[in-house]
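Shown next, in structure tokens, is the structure this report addresses.
The values are calculated or read from the model by the stated rules, or taken from the named source; none is laboratory data. If you're wondering where the values come from, they're calculated on a predicted model, not measured in any experiment. Because the Cβ atoms are built from the backbone with ideal geometry, glycine has one as well, and the counts that use them run over all protein chains shown. To get the accessible areas, we keep the full protein, side chains included, count just its heavy atoms, and leave off ligands, DNA and RNA. Shrake-Rupley method; radii C 1.70, N 1.55, O 1.52, S 1.80 Å.
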Amino acid sequence: MKTETIRNGLLSVNELIKQIDAGLVDGMLLVTPDNAGRCLAERVAADGFVQNLGRTDAYKVPLMLWGVDIEQDVRPGLDHIGGMGAGVPDVFLVPDLTTIRRIPWMPGLPVVICDPVDENGVPIPFAPRQILKEQLARLDALGVTLQAATEVEFHLFDESYETAWHDGYRTLTPSSRHHAAYDALACLRSEGFIEQVIRQMDQAGVEIEGYAGEYGLGQHEINLKHTTCLEMADRHFLYKFGVKTIAARMGKSATFMAKWNIDADGSSCHVHVSLWDRETSTPLGADPRFDGFVAGLAARAEAATLMYAPMVNSYRRFQPHSFAPTVIAVGDNNRTCSLRVVGSGDTRRIENRIPGADVNPYVALGAIALSGADGIEAGMPMPTIEYGDMYTREDVPLIPGSLHDALDLFERSEELRTALGPVTHAHLLAMGREEEKAFLMETVTDWEKRRLFERV
């Protein structure tokens, strides 16, 4: 067991014990991401957490938590992922002791990220964090590793979540009044909130690269500093939890929907990834393996779109001339492409512009790792570098225009089924089908009322 404090804001076990003994800890928050990347949490006593160190069977939760949609609906046919027919079995949460950290938005409650395992200690393969771990292991076997950074946009509103809910999210007041990307004056109304987010993220070891007001009304972008791939996903996961918690505590609301209003600007999550040699820790931007990595991303992008755009709402964002991509193409510093090569020589990296702010970071980075590994293994050459306005091109593959199309492409992809494994592939497909079914069969939308109330 390490005795020193782990860098980057994380706590070693011994540091945690010292803080518990000093009366600085009220409890421990065991957290884990669900299918949508939300923070599932259980609070446990701090002393009990210390007593259970090293055990893998101390904390139980229902497997159903990964077998339900975002509304917690347990449906027939999902028994293989914890449904009623299987008796709603438990799995164990195993704390990853390298992830302990204090988060200022939950005072007195350090968090530890947990991985679900079965009664034999085997990781649940379709848990989001495990999806990423397995694909990083593939790259590790190829002698390479990834560093990543995410650029996450969100919309901020003056109303609280409770007020927004009771109003049906219809008359929200954006935190800025003008379309003013990078306009410092337009950001002044949000300065107190943004300052709290940046300060508290810094204290939690979630390093911020930069901040700017975005084009949309009340839209903001905070970029996370690059780090190793799993750590990046963990920081992204905690960052979204933090932004929403800080907003709630300040009587505001923030949304990471890809398109919160059809007339509003979409919110993206651009993912920057660089390839590194595992043994020498040197960047491989000028190496043929980087070319293969990028080619793999392009080759698998169509079928893997479900892993970048998991919600019905995700596809509202893919509009021409909106800075959201509509085609699968690789460009050199070309923002109309879905994949943008940035930098030169050894420091080249790839920016994946397909994911929206609603993406599950573990699943998206898992798709990137999977696709890149396929490209490296096959020795694929760098795709054609495209120039000009790709929105007007009709000779390149399109990003699927709906969740339905993305599901069909994902289902038919033998490459993804092989790389993910049949259980995880079936799970992601089932969750996507449940999302589609919920929209098509379980709601009457405002659009339908406006269109049909008087006229049919």
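Points worth noting:
- A 1.4 Å probe, protein heavy atoms only, puts the accessible area of Lys240 near 20 Å².
- Directionally averaged projected area (segment 344-433, Cα convex hull): 7.8 nm².
- The slack in the chain from Asn52 to Asp346, taken as 0.36 nm per residue of separation less the alpha-carbon distance, amounts to 101.3 nm.
- Accessible surface ranking for Leu230, Leu440, Leu420, 1.4 angstrom probe, highest first: Leu440, Leu230, Leu420.
- Counting only Cβ charges, +1 for Lys and Arg and -1 for Asp and Glu, the dipole size of segment 367-456 around its Cα centre is about 340 debye.
- Cα pair distances of segment 231-363 binned at 10 Å [whole percent]: 12, 36, 34, 15, 3, 0
- 10 Å beta-carbon shell around Ser267, net charge (K/R +1, D/E -1): -3
- The residues of segment 87-207 expose, per residue, 44 Å² of accessible area to a 1.4 Å probe.
- Close amide H partners of Arg101, meaning residues 5 or more places away or on another chain with modelled amide H under 5 Å apart, are Leu11, Val111.
- Taking all protein chains together and rolling a 1.4 Å probe, Phe193 ends up with roughly 0 Å² accessible.
- Leading residue at positive end of dipole, segment 276-362 (Cβ point charges), from Thr280, Val330, Phe290: Val330
- Charge tally for Glu302 (other residues, Cβ to Cβ under 12 Å; Lys, Arg +1; Asp, Glu -1): -1.
- Surface/4 of the Cα convex hull for segment 103-243, nm²: 11.5
- At a probe radius of 1.4 angstrom, the accessible area of segment 353-394 per residue rounds to 33 square angstrom.
- Signed unit charges on C-beta, dipole axis of segment 35-161, positive-most listed residue Leu132, Ser160, Trp66: Leu132
- When the convex hull of its Cα atoms is viewed from all sides, segment 151-233 shows a mean projected area of 6.2 nm².
- Net charge of Cβ neighbours under 9 Å - reference Ile124; Lys, Arg +1; Asp, Glu -1: -2
- From phi via Karplus (6.51, -1.76, 1.60), per-residue ³J(HN,Hα) for segment 449-456 in Hz, x at Gly/Pro: 5, 5, 7, 10, 3, 9, 10, 10
- Projected label distance in nm at Val423 and Glu42, using a 7 Å step from Cα toward the beta-carbon: 2.0
- Evaluated with a Cβ-only charge set (Lys, Arg +1; Asp, Glu -1), segment 214-278 carries a dipole of roughly 300 debye about its Cα centre, given to the nearest 20.
- From phi via Karplus (6.51, -1.76, 1.60), per-residue ³J(HN,Hα) for segment 267-282 in Hz, x at Gly/Pro: 10, 9, 9, 5, 10, 9, 9, 10, 9, 10, 6, 5, 7, 9, 6, 10
- Carbon/sulfur fraction of accessible area - the chain, other protein chains in place, 1.4 Å, %: 53
- Label-point separation in nm, Glu71 to Thr171, each point 7 Å along Cα→Cβ: 2.6
- Across segment 218-257, Cα-Cα distances exceeding 17 Å account for 36% of all pairs.
- Residue (of Ala419, Gly87, Phe49) at the positive-pole extreme of the chain, dipole from beta-carbon charges: Phe49
- Cα-based Rg / Dmax (Å) for segment 128-167: 19.1, 53
- Lysine pairs meeting the criterion (Cα under 23 Å, 8 or more apart or interchain), as found in the chain: 14
- Convex hull volume per residue in cubic angstrom - Cα atoms of the chain: 164
- For segment 425-451, the residues whose amide N sits under 16 Å from a probe point set 7 Å from the Cα of Ala137 along the beta carbon direction are 425.
- Its relative contact order, with pairs defined as Cα atoms under 8 Å and 6+ residues apart, puts segment 208-295 at 16 percent.
- Debye equation applied to the C-alpha atoms of segment 417-456, log10 I(q)/I(0) at 0.16, 0.29, 0.30, 0.34 Å⁻¹: -0.55, -0.89, -0.91, -0.99
- Counting every C-alpha pair in segment 280-424, the share spaced more than 26 angstrom apart comes to 21%.
- For peptides 194-205, 14-25, sequence by mean Cβ density within 10 Å, most packed first: 194-205, 14-25
- Prolate/oblate/rounded call for segment 13-172, Cα gyration tensor, a/c under 1.5 rounded: rounded
- The charge dipole of the chain, taken about the Cα centre with unit charges on the Cβ atoms of Lys, Arg (+1) and Asp, Glu (-1), comes to about 580 debye, rounded to the nearest 20.
- Full extension of the chain between Lys225 and Thr98 gives 43.8 nm of extra length, using 0.36 nm per residue less the Cα-Cα distance.
- Simple label model, 7 Å out from Cα along Cβ direction - Asp183 to Gln319, nm: 1.9
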